[in-house]
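Take a look at the structure below.
The values are calculated or read from the model by the stated rules, or taken from the named source; none is laboratory data. Given the structure is predicted, the values throughout are model-derived calculations rather than measurements. Don't worry about glycine lacking a Cβ; one is built from the backbone with ideal geometry, like all the others, and counts go over all protein chains shown. To get the accessible areas, we keep the full protein, side chains included, count just its heavy atoms, and leave off ligands, DNA and RNA. Shrake-Rupley method; radii C 1.70, N 1.55, O 1.52, S 1.80 Å.
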Amino acid sequence: MSCVFYPGCSLDSTARDYYLSTQAVAGALGLELPEIPDWTCCGSTPAHQSSELLALALPAQNLLAARGKTVAVCCAACYSRLKAANHTLAHDPKARAAVAEALGADYDGSTPVKHLLEIIVRDIGLKKVAERVVRPLKGLRVAAYYGCLLVRPPEVTQFDDPENPTLMDDVLAAAGAETLDWPHKTECCGASYSITDVSIVHQLTRDVLAMARDAGANCIATACPLCQLNLDLRQREIAEKFGESFDLPVFYFTQLLGLAFGLKPAQLGLRSLVVNPEPLLAAAGMLGEQVAGQRQGCTGCGH
Amino acid sequence: MSTEAQAVCSVAQSDDFVREVATASGANLAICLQCRKCSCGCPVAARSDLKPHEIVRLVQLGERDGVLASRMIWECTSCETCATRCPQNVDIPAMMDALRQASRAAKKTAATTTVPVFNDIFLRTVRRLGRMYEAGLMASYKLRTFRFFEDMDKVPLMLRKRKIALLPHKVRGGAERKRLFDRAKDMEGKSR
Ligand code: SF4
Ligand code: SF4
């Protein structure tokens with residue numbers, strides 16, 4: 001299938017590892033993801049909190065630049081903004097006229113937007129994923145964490161069941177992982193309050209980490225750069241603040257998929273993870289001989 | 001003024017406020033049942049000063065100042081849980097966006113929040129560069145909010161883990177971008 005890729009600002013900076021692993025896994029599945037030329041920020045939360053017009057016009061500009069091709073997205077926050085703009089512009093003629101005036105170009109909300117998980121499960125198919133697996137993710141008990149914006153509001157995103165989504169579980173199960181039935185799949189992590197009021201993130205992220213641990217997970221999989229950053233980068237300070245221990249590596253689902261496909265840790269950006277995934281991956285035999293052979297301080301995934 | 005007259009006035013006022021918020025947000029606030037399902041699933045209801053169902057009620061009652069000065073409108077994470085579960089489809093997240101804008105326009109914003117400062121810097125960065133630029137964003141935010149030391153311990157780690165770039169990336173189309181931001185401001189200023 002033919003897509004264009006909207007990476008979004010996080011994949012361009014804090015989530016370079018998500019970008020790398022996305023491109024590597026897409027390549028392995030025969031999916032080309034050329035970027036929309038000169039894409040710009042979707043406006044994220046600051047735009048919808050400040051100006052409805054900008055919150056619609058910034059996504060519309062990028063969706064126009066896709067020239068009718070399906071737009072593939074990996075960031076749940078960008079996904080939500082692009083989908084919300086499509087929904088409003090397709091249903092509200094007044095908003096559409098205002099955006100046309102502000103942008104100097106009319107956009108009708110019709111460019112298809114899909115998250116990479118939807119493309120993998122619904123367009124490429126789990127059969128193809130399973131065929132590509134050379135190193136099944138055995139020994140990984142994964143809590144698949146979807147967060148808020150992929151699933152909500154369901155009439156806008158039409159992603160999956162808003163209370164119990166399974167798309168990410170299905171992909172990881174096809175790659176041989178054990179995925180857990182756990183209740184915090186779609187709880188909020190606090191997202192961008194990481195900067196403005198970290199106490200919100202501490203509390204919410206702590207609840208997600210504790211529930212994953214108590215459900216028996218030995219790692220977490222995410223499909224959003226904001227969720228990943230909160231769960232991974234803040235894990236140590238949360239453990240200290242609440243006097244708990246988690247030690248849960250927090251992967252992008254694309255990194256786990258890439259490992260199952262036999263791709264190298266460097267291609268998947270594993271060294272950008274803050275909680276060291278190496279003990280878990282080594283115990284599961286996922287790092288192979290390449291690590292055992294060169295155990296001199298720095299290892300296969302760079303930790 | 002007689003009690004009766006006061007009651008009539010407050011109903012009239014409440015009509016104004018609820019209509020204003022409903023128009024700005026598109027949320028149908030009149031049909032709320034006060035069932036509290038929104039607040040039960042809200043991740044910040046327990047810590048904030050007002051719960052989502054209370055905000056809806058206070059807007060209906062015309063409690064303009066209390067609502068616009070509340071912490072809740074700045075602590076809501078826009079997680080959309082309330083809107084997804086509400087039996088009446090009341091669009092609370094859209095209401096929150098409208099209240100944030102009204103709160104700033106009326107200069108009532110709770111002193112405890114730094115979200116408006118962050119939002120302004122974020123949007124100014126996008127206007128100028130076309131994309132977010134974390135290092136610049138954090139530097140300006142810290143200068144404006146005097147939170148110099150918060151998270152400074154994360155900087156070396158984030159550089160090592162290649163999570164922040166020191167130089168911005170500027171996207172082409174700067175002139176059109178500025179025009180878009182200016183036009184949006186003019187248009188929204190007029191309609192408000
Ligand atoms: S869930 Fe809906 S109907 Fe119930 S209190 Fe909240 S806004 Fe009102
Ligand atoms: S969108 Fe805001 S009010 Fe609604 S549940 Fe989430 S945090 Fe609470």
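Some observations on this one:
- Yes/no for A:Val156 being open to solvent by 20 Å² or more (accessible area, probe 1.4 Å) and either more than 18 Å from B:Glu80 (Cβ to Cβ) or not small (Gly, Ala, Ser) (or both): yes
- Scan of region B:74-93 for residues that are aliphatic (A, V, I, L, M) and either away from ligand 1 (no atom under 15 Å from the Cβ) or over 14 Å from the mean Cα position of the chain (by Cα) (or both), ordered by number: B:Ala83, B:Val90
For every residue, the table says whether it meets (1) at pLDDT below 95; (2) of a type outside the set (S, T, N, Q); (3) farther than 29 Å from A:Pro277 by Cα; (4) in contact with a His (Cβ under 9 Å, 6 or more places away or on another chain).
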{"site": "A:Ala65", "(1), (2), (3), (4)": "no, yes, yes, no"}
{"site": "A:Thr88", "(1), (2), (3), (4)": "no, no, yes, no"}
{"site": "A:Ala95", "(1), (2), (3), (4)": "no, yes, yes, no"}
{"site": "A:Thr111", "(1), (2), (3), (4)": "no, no, yes, no"}
{"site": "A:Ile120", "(1), (2), (3), (4)": "no, yes, no, no"}
{"site": "A:Val129", "(1), (2), (3), (4)": "no, yes, no, no"}
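- Any chance B:Arg104 is away from every other protein chain (no Cβ under 14 Å) and either surrounded by fewer than 17 Cβ atoms within 10 Å (Cβ to Cβ) or away from ligand 2 (no atom under 16 Å from the Cβ) (or both): no
- If the condition is being within 17 Å of the chain's Cα centre (by Cα) and open to solvent by less than 60 Å² (accessible area, probe 1.4 Å), then region B:29-52 contributes B:Cys42, B:Pro43, B:Val44, B:Ala45, B:Ser48, B:Leu50, B:Pro52.
- Conditions (1) touching a residue at least 24 places away in the same chain (Cβ under 8 Å); (2) farther than 20 Å from A:Thr196 by Cβ; (3) surrounded by fewer than 21 Cβ atoms within 10 Å (Cβ to Cβ); (4) more than 11 Å from ligand 2 (Cβ to nearest atom): number failed by B:Val59: (3)
Okay, residues lined up against (1) free of Cβ contacts under 8 Å to residues at least 40 places away in the same chain; (2) more than 10 Å from chain A (Cβ to nearest Cβ); (3) away from ligand 2 (no atom under 14 Å from the Cβ); (4) open to solvent by less than 50 Å² (accessible area, probe 1.4 Å):
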residue: B:Glu54; (1), (2), (3), (4): yes, yes, no, no
residue: B:Ile73; (1), (2), (3), (4): yes, no, no, yes
residue: B:Thr112; (1), (2), (3), (4): no, no, yes, no
residue: B:Arg127; (1), (2), (3), (4): no, no, yes, no
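- Residue match in region B:24-40 (condition: in a helix (DSSP H, G or I), near ligand 1 (Cβ under 9 Å from one of its atoms) and among the aliphatic types (A, V, I, L, M)): yes
- Which listed residue is of a type outside the set (A, V, I, L, M, F, W, C), at pLDDT 95 or above and either within 16 Å of ligand 2 (Cβ to nearest atom) or out of contact with any His (no Cβ under 8 Å at 6 or more places or on another chain) (or both), from B:Ser14, B:Ser39, B:Ser10: B:Ser39
- Of the residues in region A:174-183, not one is open to solvent by less than 30 Å² (accessible area, probe 1.4 Å), in contact with a helix residue (DSSP H, G or I) (Cβ under 9 Å, 6 or more places away or on another chain) and at the interface with another protein chain (Cβ under 9 Å from one of its Cβ atoms).
- Residue check for A:Asp207: within 16 Å of the chain's Cα centre (by Cα) and assigned to a helix (DSSP H, G or I): no
- 3 or more residues modelled with pLDDT of 95 or more: qualifying helices (runs of 4 or more DSSP H) within region A:233-294: A:235-242, A:253-260, A:278-283
- Test: A:Glu131 is free of Cβ contacts under 8 Å to residues at least 12 places away in the same chain and either of a type in the set (Asp, Glu) or open to solvent by less than 30 Å² (accessible area, probe 1.4 Å) (or both): yes
- Of all residues in region B:114-125, those satisfying the criterion of being within 7 Å of chain A (Cβ to nearest Cβ) and either in a helix (DSSP H, G or I) or open to solvent by 40 Å² or more (accessible area, probe 1.4 Å) (or both) are B:Val115, B:Phe118, B:Asn119, B:Phe122, B:Leu123.
- Candidate set from region B:160-181 (those that are open to solvent by less than 70 Å² (accessible area, probe 1.4 Å) and more than 9 Å from chain A (Cβ to nearest Cβ)); member that is modelled with the lowest pLDDT: B:Pro168
- Taking the numbered list (1) surrounded by fewer than 24 Cβ atoms within 10 Å (Cβ to Cβ); (2) over 22 Å from A:Glu35 (Cβ atoms) in turn, A:Val99 passes all entries but (1).
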